[in-house]
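The block underneath contains the structure these notes are about, expressed in structure tokens.
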Amino acid sequence: MPLTSVDLTPNIGTEVRADLPTLLDGSIAGEIRALLEKRGVLLFRGHDMTDEQHLRFAETLGTARHEHGTDITMVSSDKTKSPIFAEYTKGTFFFHFDDTYMDYPALASVLRACTVAPEGGQTEFANTYAAYDDLSEEDKRRFSTLEGVHSQETIQRKAFPDPTETQLALWGEGAIPATAHPLVWHHRSGRKSLLVGQTMSRIVGLDKEESDALVERILAHAEQRQYIYSHDWQLGDILIWDNTGTMHRVVPFDLDCGRELQRVKLSGEEPIMAPATEPA
Ligand SMILES: [Fe+2]
């Protein structure tokens with residue numbers, strides 16, 4: 001068998017075992033994609049890939065998104081190595097989807113551990129398909145017509161309650177406008193997931209008190225332990241998460257410890273779609 005797999009928790013996360021040439025030649029890419037959609041997070045351990053192999057493997061699964069001038073990006077809290085990510089690190093201590101400001105959020109990210117934190121720095125993932133499935137029928141009905149407003153400023157303010165002008169110029173709503181999205185993402189596969197996160201400031205059309213209470217209730221539901229896989233990084237680990245059906249966050253760590261990951265983002269293949277806008 002070119003591929004074997006071991007589930008890491010009941011609801012999310014699977015370790016995939018296959019040899020390096022098989023991962024790189026794309027022959028099991030279809031199986032990996034199907035498993036990713038089903039399990040949210042896939043771990044590949046012990047391959048010690050180079051940058052070039054990492055990118056080649058990612059490109060068997062989708063289209064690498066060219067951003068910040070490259071296809072492979074360093075995720076580091078060290079400003080001299082990664083000026084963009086270093087500014088955002090503390091905001092990523094809270095659960096979120098990537099790219100909620102885009103029409104086509106990233107399909108997935110493929111991460112590789114280059115230097116691990118001695119303490120903390122685990123990446124945690126929460127399965128929003130499972131969180132949706134467990135809602136009451138009443139909530140499913142109600143949420144199907146609601147929209148949440150998301151912004152980078154909302155999540156960054158949780159880390160920086162009194163932002164400087166420079167920070168606001170980087171991630172304030174004046175720089176990255178807030179966007180409204182359906183609370184329920186109806187995927188082309190027919191499956192539904194919650195589209196929530198600590199980027200969400202309010203629910204469209206509700207008064208502030210009701211909106212605040214609902215945002216708090218939904219997040220408390222979606223961040224329950226049974227939906228989460230917490231990944232303790234080992235050097236060389238390759239991990240893929242489905243950015244359309246999982247939220248993620250980083251467990252706080254010492255920002256000066258040198259933790260470094262390399263990341264390839266795969267371009268989104270479907271827009272966020274509400275049940276009401278589903279094609280006939
Ligand atoms: Fe992120």
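The values are calculated or read from the model by the stated rules, or taken from the named source; none is laboratory data. Just so we're clear, the structure is a prediction, and the values are computed from it rather than from any experiment. All Cβ positions, even for glycine, are placed from backbone atoms using ideal geometry, and neighbour counts span all protein chains on display.
Quick check on Glu153: is it surrounded by fewer than 16 Cβ atoms within 10 Å (Cβ to Cβ) and of a type outside the set (Lys, Arg)? Taking the combined requirement at face value, the residue does not satisfy it. Here Gly197 qualifies as of a type outside the set (S, T, N, Q), in a loop (DSSP other than H, G, I, E, B) and buried (at least 20 other Cβ atoms within 10 Å of the Cβ). Residues in the stretch 101-117 include at least one that is surrounded by fewer than 20 Cβ atoms within 10 Å (Cβ to Cβ), aromatic (Phe, Trp, Tyr) and farther than 19 Å from Lys192 by Cα. Condition test on Phe93, is it within 16 Å of the ligand (Cβ to nearest atom), surrounded by fewer than 20 Cβ atoms within 10 Å (Cβ to Cβ) and within 26 Å of Gln226 (Cβ to Cβ)? Against the criterion (within 16 Å of the ligand (Cβ to nearest atom), surrounded by fewer than 20 Cβ atoms within 10 Å (Cβ to Cβ) and within 26 Å of Gln226 (Cβ to Cβ)), Phe93 qualifies. Just one of the listed residues (Arg33, Arg56, Arg65, Arg45) is in contact with an Asp or Glu (Cβ under 8 Å, 6 or more places away or on another chain) and either away from the ligand (no atom under 16 Å from the Cβ) or at pLDDT 95 or above (or both), namely Arg45. Looking only at the stretch 99-141, residues that are of a type outside the set (Asp, Glu) and on the phi > 0 side of the Ramachandran plot come to 2 in all. Within the stretch 105-132, the set of residues being under 16 Å from Pro182 (Cα atoms) and away from the ligand (no atom under 16 Å from the Cβ) comprises Tyr129, Ala131, Tyr132. Answer yes or no: is there a residue in the stretch 120-133 that is without any contact (Cβ under 8 Å) to a residue 60 or more places away in the chain and either farther than 19 Å from Ile203 by Cβ or surrounded by fewer than 21 Cβ atoms within 10 Å (Cβ to Cβ) (or both). Yes, some residue in the stretch 120-133 is without any contact (Cβ under 8 Å) to a residue 60 or more places away in the chain and either farther than 19 Å from Ile203 by Cβ or surrounded by fewer than 21 Cβ atoms within 10 Å (Cβ to Cβ) (or both).
Read through the list (1) of a type in the set (Ser, Thr, Tyr); (2) within 12 Å of the ligand (Cβ to nearest atom); (3) surrounded by fewer than 21 Cβ atoms within 10 Å (Cβ to Cβ), then give the number of the only condition that Thr164 fails. Single failed check for Thr164: (2).
Look at (1) away from the ligand (no atom under 16 Å from the Cβ); (2) in contact with a Pro (Cβ under 6 Å, 6 or more places away or on another chain) and you find that Asp99 fails only one, number (1).
Once the stretch 82-113 is narrowed to residues that are out of contact with any Leu (no Cβ under 7 Å at 6 or more places or on another chain), in a helix (DSSP H, G or I) and hydroxyl-bearing (Ser, Thr, Tyr), the residue that is modelled with the highest pLDDT is Thr92.
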